[in-house]
1. Highest first, please rank the peptides 148-157, 13-22 by the mean number of other Cβ atoms sitting within 10 Å of their residues.
2. Along region 64-75, what does the Karplus equation 6.51 cos²θ - 1.76 cosθ + 1.60 (θ = phi - 60°) give for ³J(HN,Hα), rounded to whole Hz, x for Gly and Pro?
3. Taking a ≥ b ≥ c as the square roots of the Cα gyration tensor eigenvalues, with a/c under 1.5 meaning rounded and otherwise prolate when a/b beats b/c, else oblate, which class fits region 35-162?
4. Which of D33, D144, D25 moves most in a GNM of the chain, Cα contacts under 10 Å?
5. What is the packing order of peptides 124-130, 137-143, taking the mean over residues of other C-beta atoms within 10 Å and listing the highest first?
6. With an 8 Å Cα cut-off and a minimum separation of 6 or more residues, compute the relative contact order for region 1-68 in percent.
7. Hey, what number do you get for the chain at 222 nm if only DSSP H runs of n ≥ 4 count, each worth -39500 (n - 2.57), divided across all residues, to the nearest 500?
8. Short version: ³J(HN,Hα) in whole Hz for each residue of region 13-27, in order, from phi by Karplus 6.51 cos²θ - 1.76 cosθ + 1.60 (θ = phi - 60°), x for Gly and Pro, what are they?
Amino acid sequence: MSETTLDVRHLPKPEAYAALSASLDAVLEGIDDEIAVMATISCTLHHGFGHLWSGFYRAVTPTLLRVGPYQGTLGCLEIAFGRGVCGTAAKERRTVVVPDVEEFPGHIACDGRSRSEIVVPVLGANGEVRAVLDLDSEKLGTFDEVDARALEQLVARLLGVTRRG
Ligand code: SME
């Protein structure tokens with residue numbers, strides 16, 4: 001098991017995600033507990049990239065997200081499907097990349113320093129939204145399609161769900 005949290009900010013994104021993914025595999029070996037997995041993914045991504053906020057919102061009803069394991073400043077407690085970036089990703093069951101939060105109507109500013117964001121849905125075996133992974137950055141344009149695909153694969157693999165088609 002890895003004893004330290006990796007810092008991958010010096011690496012190109014594909015290598016960074018590969019390193020974090022390998023670290024997560026080692027740390028989570030034998031663990032089959034959703035909250036433990038979410039907490040460990042949040043910690044690993046947060047410290048790996050130095051983001052402003054990194055964590056999960058869980059779908060507690062078919063139309064409501066509630067905050068789950070995360071790292072960063074205080075997050076909003078609940079977000080309705082359809083609201084903000086998280087609620088949009090949940091409602092539309094797709095990854096949403098926001099290069100500039102001021103350009104996203106209805107963005108919810110839990111921390112005023114947030115400038116860009118990505119939200120990736122965690123889907124169940126029947127395509128239902130079980131949670132979303134939300135990463136916020138203090139810099140504009142932090143996230144792109146490389147992040148989207150890498151994060152989709154990461155949560156699908158580690159949270160044991162089917163990828164969206
Ligand atoms: N910005 C998000 C809300 C969650 S937090 O920033 C932690 C949104 O618009 O959904």
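Any read-out appearing in this document is the output of simple, stated calculations on the displayed coordinates, not a laboratory observation. Worth saying up front: this structure is predicted, and the values here are computed from it rather than measured. Heads up, the Cβs are rebuilt from the backbone with ideal geometry, glycines too, and the neighbour counts pull from every protein chain shown.
1. Top to bottom by mean Cβ count within 10 Å: 148-157, 13-22.
2. 9, 9, 10, 4, x, x, 7, 10, x, 6, 3, x
3. Verdict is rounded for region 35-162.
4. Its mean-square fluctuation being the largest, the pick is D33.
5. 137-143, 124-130
6. For region 1-68, the relative contact order is 30 percent.
7. -10500 deg cm²/dmol
8. Karplus-based 3J(HN,Hα) across region 13-27 equals 3, x, 5, 4, 5, 4, 5, 5, 4, 5, 4, 4, 4, 5, 5 Hz.
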